[in-house]
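Remarks on the structure that follows.
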Amino acid sequence: MEQTLFGYIRRYSWREQIILLVMTCASFPFLYASLELPKIIINQAIAASNFPRNFYGFEVEQAQYLAILCAVFLLLVGANGGFKYFVNVYKGRLGERMLRRLRYQLFTQTLRFPIPHFRRTSQGEVIAMITAEVEPLGGFIGDAVAQPAFQGGTLLTILAFMFAQDIVLGIAAIALYPVQMYLIPKLQRQVNALAKQRVRTVRRLAERIGEGISGIEEIHANDTAERHRADFAGWVGTIYDIRLQIYRKKFFIKFLNNFLAQLTPFFFYSIGGYLVIHGELTFGALVAVLSAYKDLSSPWKELLDWYQQKEDTRVKYDQLVEQFRPAGMLAEDLQQPVTGPVPRLSGAVVASHVSLEDEVGVKAVDQASFQFEIGQRVALAGGPGSGADSIARLLARLLHPTAGAISIGGQPLASMPEAVTGRRIGFVGSHVLLINGTLRDNLCYGLYNREVPEAETVDERGRAARSSYVFEAGQSGNTTSRIEGHWIDYAFYDLAGPAELQARVLETLRLVDLEGDLFSLGLRGTVDPQRHEQLTHRILQARSVLRKRLQERRYQGLVEIFDRNIYNQNMSVAENLLFGLPVGKGFDLDHLGEHPYVQKVLTDVGLRDDFFVIGLQMAKIMVDLLRDLPAGHEFFDRFSFISSNDLPEYQAAIRRVEQAGFEDADPDDRNLLSSLPFRGVPARHRLGLMDAAFENRLLQARHAFADGLPETLRASVAFFDADAYNPAASVQDNILFGKLVYGRQQAQRQIGALIAELLDGLNLRAAIVDLGLDFNVGIGGSRLSVPQRQKLAIGRALLKRPDLLILDEATASIDPAGQAALRAALLHDERLPGQVWVISDVQQAHGFDYVIIVEGGRIAAQGPAAEILGAWSPDAVDA
Amino acid sequence: MNYNEAVSVLRTIPVFATLDSPSLKLLAFSSSYLSFEDGEALCHQGDPGDSVFVVYEGEVEVSLVLPDNGRIHLARLGRNDILGEMAVICNLPRTADVHACGPLKVLKIEGDVFLQLVTGNPDAAHGMMRVLAERLLRFTEQYEQLRRCMPDPVVP
């Protein structure tokens, strides 16, 4: 990024600025003509009388002449408007492009920050800078050259006119400009300093807000809200003071400007008047100069405004640049997408005198020297605080040594492109971050290194849209890679294509022991029968086999089969009413109570009010349960009928209904609350709000619903049909044609085993696991358990078959038996040549080739595992 | 049993007795209500310890399978007893088999919910500590008694 704002403008927009300048200059004659023409119309067309006259060789009458001039005037108005429109759109586009470029550059810089820098920089600050703070910059860049040119040009034109009238008066008009030009920058500098301070303080404020939000539990737990309020008040107070000072100074500048501007007419009246009295100036000229001076003040004001804005923007820019250039940033070219070959890592990993010192001089790693071969299984033994984790991160180049160097196969690690370190080294820490997407996206995340050009398969319109996107991205200096593009380079990862990737994914899932979990998730997924005719056909086969098997005594009472004439305790009230599931947008399960047809059916069987009463009670229970939970808490997702965003709405609705009384409740509140009971599953939630009479009437409603369903809504419900696949229901529900009984723990296990057995028999396991890969993991993976997240992260690293796999306590949250199995499997896997494991205890180093013991950041001992284990056995310690 | 009854059952259990009302309700709402027939297993030795059970009707038998397939009976727990919390706290597999003795009804609390509520609330954490400490004390006393009954070990 350029050091100065104008350097930046020059580098990235000089062409556009020149075009703007040319267009602005080209508009002046038209502007001038449009000011001149009214005078001609009045003096020569309306007020004159010597007609007919010659007009460019034509004899014209007065009315005709007037018509011609008016037409020209209209044309000029259009031309001026056209110029203005073009220049404004052009400026706007230029500004937006520059804004896009700036944001993109800042984000790119952020990705290159040294990781420890994020400990000192708050997320909120960076977000505020990239989103809000850069916004005015784009607007200014559009105006950067054109505005002063336009206003300056206007100013000069008027000045020229004034000097033409009288030199002395001309000089009088600009006599005070030097004073302004001297004083205003001086004052402006003070405003700038304050503006800088304001930006810094607002950032601190953002930091405080961030701290308050992330520390909300602490605040509640310690009753420190008042303290945080006081702190916050202090900061907004500081901002208030600064802003007030800015206002004072800004308006003082304005005052000064206005005063000086009014001072000039004083000269005109006195000096000009004197000259007129003495006959050295005509009265008309004085009036002309006075009126010209009125026109002069506007461009001059605009110029001064522009200057103030320029200074303001310059300050912001300087601060952005300063913030986004921390020491120790990753060199830019190391993070660029590479097109050439990416070498494999082999040979020796050598660390010589590597130290890692933080900003206050604490050494996490101190003069560490060690060497091992890729192909060895290495244990870095050291508990928390020993520095073993830092060494692991140094090896993965997530941290950079402050002294010493690491090399792999003779190549310095520091100068390897991220294409090498990120693809050939796999790193998994104890803290896992998943992206919000499907399991498949998360597992393949490590393969999404760059967009792979693909054969053109899209249609004409798609291609046009793409090329316009690519063009615009290029104009703003953004990458032209598109997130929707194809991102997996199969050949690079030794894969023939999607089928082989699929095979590797399945194998990896087995290795990290996630296959079973994905099988369960797959059973909860849905299948489109049109696209997977074969699969759904086989699932129906499984259904009929299962039907017979469920007769066996051990499966009694574990599944509640769908039966049109029986109220099903294990499915939601909505499913009970529909006896099916909604398809498309015809019926929205979350707002079923608002649907006119549903309302009609419920009214017919006399259930409308019951739904409202039950809904009100349910809402009260939910609000009572959840109001103390922080918004976005995972309990909302897992247990609640109401999302954290909607909770306040329900709170308000309850209050309103209680005030208005049940009878006079607002229809909107009624609808909102009446929709809640539909989401309850009687056997699961056991709120005890629905009795047998309710169930009977709901059964009536079920029949009424199906019988009276209008033709237009037929396609909106997929009814449960014993002989057809239900596209809206999960695979499991389709196999069962019923629901697992909630109150029986065996149901899950035994029926699960039965389903697995049947599906294995039909050779469908891989297909179901594949469906499971489409499961959305939620924000940060919140819909997965912690061990599942960790296994997924390990799978993600394994999928790219790294030459060097580094695991920093990556299995900590998996149960001990699972940990041991995973470790054995990975250590014996020949396809993973280099492995470095951080372990907390030397005694766990069995199965490794080489052991490095880290204590207090120093290498306490290292050597082949057999030696080290012998020397460090407890007996040796006792001796 | 419904949600309101579950709240009152949980309130009588020492570990949860100190929990505030909203947490208790949340616990009741988020837990599952399970029933078992005589002899059915709640969990087996070696299963992942991912949930806590609270008995509210009937009895369970805790037993250990020996390497020679013999079985030793460890304990019999009944109404308002809690089991499985050790495995959840220590992230360990189940250390014993648990079977229903006669018809049984339990509340099953998911392990992570249990941990969140117990660690997120100092009172509950304290309650949990007290229960575990008492148990440790009891075992230590039993161990002392046993040791006194045994002949002095021969020093090798």
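The values are calculated or read from the model by the stated rules, or taken from the named source; none is laboratory data. None of these values were measured; they are calculated from a predicted model. Quick reminder, even Gly has a Cβ in these numbers, built from the backbone with ideal geometry, and neighbours come from all protein chains shown.
Once the range A:727-746 is narrowed to residues that are in a loop (DSSP other than H, G, I, E, B) and more than 36 Å from the chain's Cα centre (by Cα), the residue that is farthest from the other protein chains (Cβ to nearest Cβ) is A:737.
Of all positions in the range A:629-641, at least one carries a residue that is among the aliphatic types (A, V, I, L, M), free of Cβ contacts under 8 Å to residues at least 60 places away in the same chain and within 11 Å of another protein chain (Cβ to nearest Cβ). In the range B:102-153, the residue that is nearest to the other protein chains (Cβ to nearest Cβ) out of those that are of a type in the set (Gly, Ala, Ser) and part of a helix (DSSP H, G or I) is B:120. The set of residues in the range A:766-788 being assigned to a helix (DSSP H, G or I) and either buried (at least 21 other Cβ atoms within 10 Å of the Cβ) or away from every other protein chain (no Cβ under 14 Å) (or both) consists of A:766, A:767, A:768, A:769, A:770, A:771, A:772, A:779, A:780, A:781, A:787, A:788. For the range A:282-297, a tally of residues being free of Cβ contacts under 8 Å to residues at least 40 places away in the same chain and either of a type in the set (Asp, Glu) or in a helix (DSSP H, G or I) (or both) returns 7. Among the residues in the range A:704-712, are any assigned to a helix (DSSP H, G or I) and polar (S, T, N, Q)? Yes, some residue in the range A:704-712 is assigned to a helix (DSSP H, G or I) and polar (S, T, N, Q).
All of A:219, A:171, A:158 fail the test of being in a helix (DSSP H, G or I) and under 40 Å from the mean Cα position of the chain (by Cα), apart from A:219.
Each residue in the range A:581-628 was checked for being in a helix (DSSP H, G or I) and within 12 Å of chain B (Cβ to nearest Cβ), and 9 of them qualify.
Only one entry in A:225, A:221, A:230 is within 14 Å of chain B (Cβ to nearest Cβ) and either among the hydrophobic types (A, V, I, L, M, F, W, C) or under 19 Å from residue A:633 (Cβ atoms) (or both), namely A:221. Of all residues in the range A:212-235, those that are in contact (Cβ under 8 Å) with a residue 12 or more places away in the chain and either of a type in the set (D, E, K, R) or over 23 Å from residue B:117 (Cα atoms) (or both) total 5. Pairing residues of the range A:126-137 that are within 10 Å of residue A:103 (Cβ to Cβ) with residues that are β-branched (Val, Ile, Thr) and at pLDDT 85 or above, at Cβ distances under 6 Å and at least 6 apart in sequence or on separate chains, gives A:137/A:313. Restricting attention to the range A:527-580, the residues that are β-branched (Val, Ile, Thr), crowded, with 20+ Cβ neighbours inside 10 Å and in a loop (DSSP other than H, G, I, E, B) total 1. Just one of the listed residues (A:393, A:377) is in contact (Cβ under 8 Å) with a residue 40 or more places away in the chain, basic (Lys, Arg) and over 24 Å from residue A:115 (Cα atoms), namely A:377. Scanning the range A:1-24 for residues that are closer than 15 Å to residue A:92 by Cα and polar (S, T, N, Q), we see that the one that is farthest from the chain's Cα centre (by Cα) is A:24.
Of all residues in the range B:29-85, those that are part of a strand (DSSP E or B), more than 30 Å from residue A:624 (Cβ to Cβ) and within 13 Å of chain A (Cβ to nearest Cβ) total 6.
With respect to being among the aliphatic types (A, V, I, L, M), within 12 Å of chain A (Cβ to nearest Cβ) and touching a residue at least 12 places away in the same chain (Cβ under 8 Å), residue B:19 falls outside the description. Only one of the numbered conditions (1) in contact with a strand residue (DSSP E or B) (Cβ under 6 Å, 6 or more places away or on another chain); (2) in contact (Cβ under 8 Å) with a residue 40 or more places away in the chain; (3) crowded, with 16+ Cβ neighbours inside 10 Å; (4) within 12 Å of chain A (Cβ to nearest Cβ) is not met by residue B:88, and that is (2). When the residues of the range A:794-813 are narrowed to those that are under 23 Å from residue A:385 (Cβ atoms) and surrounded by 22 or more Cβ atoms within 10 Å (Cβ to Cβ), which ends up nearest to the other protein chains (Cβ to nearest Cβ)? Across the range A:794-813, the extreme among qualifying residues is A:811. Filter the range B:91-101 down to the residues that are surrounded by 19 or more Cβ atoms within 10 Å (Cβ to Cβ) and assigned to a strand (DSSP E or B) and list them by number. Within the range B:91-101, B:97, B:98, B:100 meet the criteria.
Does residue A:283 meet the test of being out of contact with any helix residue (DSSP H, G or I) (no Cβ under 7 Å at 6 or more places or on another chain), at pLDDT below 85 and not charged (D, E, K, R)?
The answer is no for residue A:283.
Residues in the range A:652-684 that are touching a residue at least 60 places away in the same chain (Cβ under 8 Å) and part of a loop (DSSP other than H, G, I, E, B) were compared, and the one that is farthest from the other protein chains (Cβ to nearest Cβ) is A:675.
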